[in-house]
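First the structure, in the form of structure tokens, and then the observations on it.
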Amino acid sequence: MKELEDHSWFPPFLRNFQTEFIGFVVARFHVYEGFVQHLKTLNLPLQPMTDLCSGSGEPAISIFRKSGCFSQLFLSDKYPNALPFKDGNTVHTILQSDVLEMEFQSGTCYTMFNAFHHFTDEDKIKIVQKMQFSGSRAFLVEVLEPTPFCLLKVFVTGTLGSLLLTPLIFPFSLRRLFFTYVFPVNILTITFDGVVSVYKSRSVKHYQKLFTGLGETIKTFRLSNGLFSLIVIHCEPQK
């Protein structure tokens, strides 16, 4: 089963509402703060950061700014969102790109936040292998796991969270309010995709087993920060 946002027929404005809501929530509640602190402990070379499946641009933009580990940020997505901001200190380039068709480049650090579960296990292996062969570094970070607690958090966020937080989301949109409070299809699509994503998510042990044959340059581990637990797949360049 695919998330609604992954279908080409899904209305672009609803896809944008969904990715902007998710981006707002993870940025406002510092869901990836544990990953930012982890990045700061690593002796990483100063490289451009290319984010994959960027959606609204968050959390990649916040992580880029907070970590100070990267020279430049590029955003990419199969269905790119026209981001309503400018930053004189950073170049945010929106690339329309399908991860499965990308050619990865050495000297670049690739990131993917809360999107790896959208792919089949076969495609996950292909993506990681292509990164390995290119000599690039990557961090694939998942916030979802197939647990009842995670499902509960996603359901509450999609329903109650949408009702409480939608007026705070930038850019302000009367259309967003209409499809949230008057004709609440926005709540339904966000919640549906969230539940499907939990169903498709995988555990740390599953990823460790999945990448067993790819060598020691692939490291999978958990980062915990309060209510939020992250699964990190770190692909190091092959020497």
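The numbers here are math on the coordinates, done by the rules we state, and not lab data. Everything quoted here is computed from the prediction, not taken from an experiment. Heads up, the Cβs are rebuilt from the backbone with ideal geometry, glycines too, and the neighbour counts pull from every protein chain shown.
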Review point. Given charges of +1 on the Cβ of Lys and Arg and -1 on the Cβ of Asp and Glu, with all other atoms neutral, how large is the dipole of the stretch 179-238 about its Cα centre, in debye to the nearest 20?
Key: 200
Review point. Given +1 on the Cβ of Lys and Arg, -1 on the Cβ of Asp and Glu, and no further charges, what dipole in debye does the chain carry about its Cα centre, rounded to the nearest 20?
Key: 420
Review point. So, with +1 on the Cβ of K and R and -1 on the Cβ of D and E, and no other charges, what is the size of the charge dipole of the stretch 1-79 about its Cα centre, to the nearest 20 debye?
Key: 220
Exercise for review: Would you please give the FRET efficiency between PHE149 and GLU101, computed as 1/(1 + (r/R0)^6) with r the Cβ-Cβ distance and R0 = 35 Å, to the nearest 0.05?
Suggested key: 0.50
Check your understanding: Taking Cα centroids, how far is the stretch 108-122 from the stretch 1-80 in Å?
Key -> 11
Practice item. Work from the charge dipole of the chain (Cβ charges, +1 for Lys and Arg, -1 for Asp and Glu, about the Cα centre) and give the residue of LEU100, PRO12, TYR110 farthest towards its positive end. Key: TYR110
Check your understanding: With a sphere of radius 12 Å drawn around the Cβ of LEU214, what net charge do the other residues whose Cβ falls strictly inside it have (Lys, Arg +1; Asp, Glu -1)?
Key -> +3
Revision key, fill the gap. Projecting the Cα atoms of PRO237, PRO146, ILE127 onto the charge dipole of the stretch 127-239, where Lys and Arg contribute +1 and Asp and Glu -1 at Cβ, the residue farthest towards the positive end is PRO237
**Study point:** Mean Cβ neighbour count within 10 Å, used as a protection proxy, ranking 133-141, 74-82 highest first
**Key:** 133-141, 74-82
Check your understanding: Could you put VAL36, VAL195 in order, starting from the residue whose Cβ has the fewest other Cβ atoms within 10 Å?
Key -> VAL195, VAL36
Study note, to complete from the structure: quick note, the chain, DSSP beta bridge pairs, % antiparallel (nearest 5) is 40
Practice item. Give me the distance in nm between label points sitting 7 Å out from Cα along the Cα-to-Cβ direction at HIS30 and VAL156, one decimal. Key: 1.9
Review point. In degrees, nearest 10, range 0 to 90: what is the angle between the Cα axis of helix 121-134 and the longest Cα principal axis of the chain?
Key: 50
Check your understanding: Using a simple spin-label model with points 7 Å from Cα along the Cα→Cβ vector, what separation in nm is obtained for ALA82 and LEU174?
Key -> 1.9
Practice item. Can you bin the stretch 103-174 into rounded, prolate or oblate? Criterion: square roots of the alpha carbon gyration tensor eigenvalues sorted a ≥ b ≥ c, rounded for a/c under 1.5, prolate for a/b above b/c, oblate for the rest. Key: oblate
Point to revise | Gain on full stretching of the segment that runs from ASN225 to ASN43 - 0.36 nm per residue minus C-alpha separation | key: 63.4 nm
